[in-house]
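Notes to accompany the following structure.
The values are calculated or read from the model by the stated rules, or taken from the named source; none is laboratory data. As the structure is a prediction and not an experimental result, all values here were calculated from the model. Because the Cβ atoms are built from the backbone with ideal geometry, glycine has one as well, and the counts that use them run over all protein chains shown. The accessibility values were calculated without ligands, DNA or RNA, using every heavy atom of the protein model including side chains. Shrake-Rupley method; radii C 1.70, N 1.55, O 1.52, S 1.80 Å.
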Amino acid sequence: MSALSALLISFVITVTNPMGTERTVPEMVEVGMPQGDGAKQYVVTDEKGDTLSSQVTYDGKLIFPCPTLKARAKAKFFVREGGADKAYKNEVFGRYFPERDGDFSFENDRVAYRLYGPGSNGVYGYDIFSKRTSNLYLEKLYKLQCDNEVHSMRAKLTKLGRRDLADKMYNEVFSYHVDHGEGMDQYDVGKTLGGGAVAYKGADGGLEFQGSFKTAEVLDNGPLRLTVRLTYANEVRTLSIDAHSNMVKSAVEAKRPFVAGIVMHNSDNKNAQGDGYIAYEDKDGILIACVAPEGKTEKEQGHLLIAPISSTYYFGSAWARYDGDGITDFGKWQNYLEAYIQQIKNPLKTKIKKEN
C-alpha cells in the first residue's frame, strides 16, 4: 500500500471465518458503517492494495466480495471515503418489463429469474432462466422476444402460408425459449410455486397460492446487489441477489405462516429433502433449491416444500450445462447447498476500526 493510500484510510475492517472449515461458497462482506459517518461512497482495498468493487446498500451497509477464507482465517480491508477512479462493473441487473405483461426480472452472473406481473393471467410461481454465460443478458432476451416488428413479420409469413418459415425464423433467431448460446427460458411454471415462491396451508392442509405481484420497487440496483420490494395482495416480499451467488434471499412480511416450495414436474427426477433444504433436478439439468436452516420439509400437491420458522428463506438454481460455477450435476448442487447452509449458520465476523 502506498504512503498516499495510507493517509486516506478512514477505516480498517478485519474479517474472520469462525468455521473450522474453508468457506467455499462466494459471499459478500457486509458491514454497517459507524453511525454519523454519513458517507455515501467508499473505496475498499485488500492487503495487496488492489481495489475491490463495493456498494452501499439502501439500508446503509457497505458490501464487497469476500475472498475464499480457510478455517479460522482472517483478512484485512482498508476503506476510505469517496468515489472510485472509475465505475465498478455492474454484476447484477433487474427491472420492470411493462412490454412483457409487467414482469419483474433480475439476474446476476450465474442465475436469472422472472416474477410474473399484473398482466400474466394468473401465473404466479418463480420462473427460472437457464444461464450459461456470466454476461447480463436479460435485456437482450426481452428485446428479441418483445420486438413488434418481429411478431408482425411472423404474422405476415403465416398469412402467406409460410408458417414453417415464420416459426423457423422466430425460433432460430429470436425466441428466448431457444438457447442461442447464452441460455434460455425453458422452465415451466403455470399455476405452481415454480422455483421457490411461497404459499399458505389451507384449513384442509392443501396449498393456497398467491397471485402475481401488484407493485415492484427497486431498492438496490448494483453493482453487487439487487434488491426489490414486491407487494402482493396479502404480503410484502423483499428479494435480494448478490453477484457470484446462486441463491436469492427472500424476506416475507405476512400475517400467516407460509411455506416455500418447488414444483416437481416429474416425481421420478432426482430430488432431496436435506437438513434445512429441498432440492430438485428438472429437465435438461435445471437444478433448483429452497433453503431455510431451521425449516421442516415435506411433499404436497406435486411440490417439495419447506416451512421456514422465521420470515426469511433462500431460493436458488443452477444449470448443469453452465460450467462457470462448477455445479454440473445434482450431487455438486447438494454439496453447494450444504456448504451454503453452514455459512449461513456461521456468518463472517467483522470488526471495524476507525483510523485517526
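Counting pairs of alpha carbon atoms under 8 Å apart in space and at least six apart in sequence, what relative contact order in percent does the chain give? Walk me through the numbers on the way to the answer.
On the way: 822 pairs, mean separation 61.9, N = 356.
Once divided by the residue count of the chain, the mean separation gives 17 percent.
Please give the length that would be gained between V218 and D50 if that part of the chain were fully extended, namely 0.36 nm times their separation in residues minus their C-alpha to C-alpha distance (nm, one decimal).
Values: separation 168, 0.36 × 168 = 60.48 nm, distance 3.03 nm.
That pair, V218 and D50, stretches by 57.4 nm at full extension.
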Practice prompt. Roll a 1.4 Å probe over the protein heavy atoms and report the accessible area of R256 in Å², nearest 10.
Written response: 110 Å²
Worksheet, complete the sentence: Highest GNM mean-square fluctuation among S267, S212, S250, for the chain with Cα springs under 10 Å, belongs to S267
Item to complete: Using a 10 Å cut-off on Cβ atoms, rank the peptides 108-121, 327-340 from the highest mean neighbour count down.
Response: 108-121, 327-340
Item to complete: Classify region 202-356 as rounded, prolate or oblate, taking a ≥ b ≥ c as the square roots of the eigenvalues of its Cα gyration tensor: rounded when a/c is under 1.5, otherwise prolate if a/b is larger than b/c and oblate if not.
Response: oblate
Practice prompt. Could you go through region 213-223 in sequence order and give the Karplus-derived ³J(HN,Hα) for each residue, using 6.51 cos²θ - 1.76 cosθ + 1.60 with θ = phi - 60°, rounded to whole Hz, and x for Gly and Pro?
Written response: 6, 9, 9, 9, 10, 7, 9, 10, 9, x, x
Discussion item. Run the reach check for K201 against lysines, Cα to Cα strictly under 17 Å, same-chain hits fewer than 8 apart removed. What comes back?
Written reply: K191, K255, K296, K299
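Can you work out the accessible area per residue across region 211-286, with the rest of the protein chains kept in place, probe 1.4 Å, in square angstrom? All intermediate terms of the calculation are to be shown ahead of the outcome.
Values: 3000 Å² over 76 residues.
For region 211-286, the solvent-accessible area averages 40 Å² per residue.
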Practice prompt. Quickly work out the I309-to-D59 label distance, labels modelled 7 Å from Cα along the C-beta direction, and quote it in nm with one decimal.
Written response: 2.1 nm
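For D179 and A339, FRET efficiency with R0 = 22 Å and r from the beta-carbon atoms, rounded to 0.05?
On the way: r = 29 Å, r/R0 = 1.30.
Given R0 = 22 Å and the Cβ-Cβ separation, E is 0.15.
Highest first, please rank the peptides 315-323, 41-49, 281-289, 184-192 by the mean number of other Cβ atoms sitting within 10 Å of their residues. Could you put the intermediate results ahead of the total?
Values: 315-323: 22.8, 41-49: 15.6, 281-289: 20.4, 184-192: 17.8.
Answer by packing, highest mean first, reads 315-323, 281-289, 184-192, 41-49.
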Discussion item. Cross-link candidates for K349: which lysines have Cα within less than 20 Å, leaving aside residues fewer than 8 places away along the same chain?
Written reply: K61, K70, K74, K76, K249
Response to the item:
Listed by chain and number, the residues whose amide H is under 5 Å from that of M264, excluding neighbours fewer than 5 places away on the same chain and using placed H, are H303, L304
Worksheet item: Taking all protein chains as present, what is the carbon and sulfur share of the accessible area of the chain, in % to the nearest whole number, probe 1.4 Å?
Response: 47 percent
Worksheet item: For region 278-354, which semi-axes, largest first and in whole Å, follow from the square roots of 5 times the eigenvalues of its Cα gyration tensor?
Response: 25, 20, 9
Worksheet item: Which far-off residues, 5 or more places away or on another chain, put their amide H under 5 Å from the one on C146, with H placed in the peptide plane?
Response: none
Worksheet item: For region 230-303, what is the Kirkwood estimate of the hydrodynamic radius, computed as the reciprocal of the mean inverse distance between distinct Cα atoms, to one decimal in Å?
Response: 13.9 Å
Discussion item. With the cut-off at 1.5 for a/c, could you classify the chain from its C-alpha gyration tensor as rounded, prolate or oblate?
Written reply: prolate
Worksheet, complete the sentence: At R0 = 35 Å the Cβ-Cβ FRET efficiency linking E253 and E81, nearest 0.05, sits at 0.55
Item to complete: First measure r as the distance between the Cβ atoms of K349 and D204, then evaluate 1/(1 + (r/R0)^6) with R0 = 30 Å and state the FRET efficiency to the nearest 0.05.
Response: 0.05
Fill in: Computed lengthening from E139 to A233, 0.36 nm per intervening residue step minus Cα-Cα distance
31.0 nm
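How big is D, in µm² s⁻¹, for region 1-137 by Stokes-Einstein at 25 °C and 0.890 mPa s if Rh is the Kirkwood radius over C-alpha pairs? It would help to have the intermediate numbers written out before the result.
Values: Rh = 17.7 Å.
The estimated diffusion coefficient comes to 138 µm²/s.
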Discussion item. Show me, for region 231-236, the HN-Hα J-couplings you get by feeding each phi into the Karplus relation (A = 6.51, B = -1.76, C = 1.60, θ = phi - 60°), rounded to Hz, glycine and proline as x.
Written reply: 9, 10, 4, 10, 6, 10
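Express in nm, to one decimal, how much length is gained between L165 and K299 on full extension, taking 0.36 nm for each residue of separation and deducting their alpha carbon distance.
Working: separation 134, 0.36 × 134 = 48.24 nm, distance 4.43 nm.
Gain on stretching L165 to K299: 43.8 nm.
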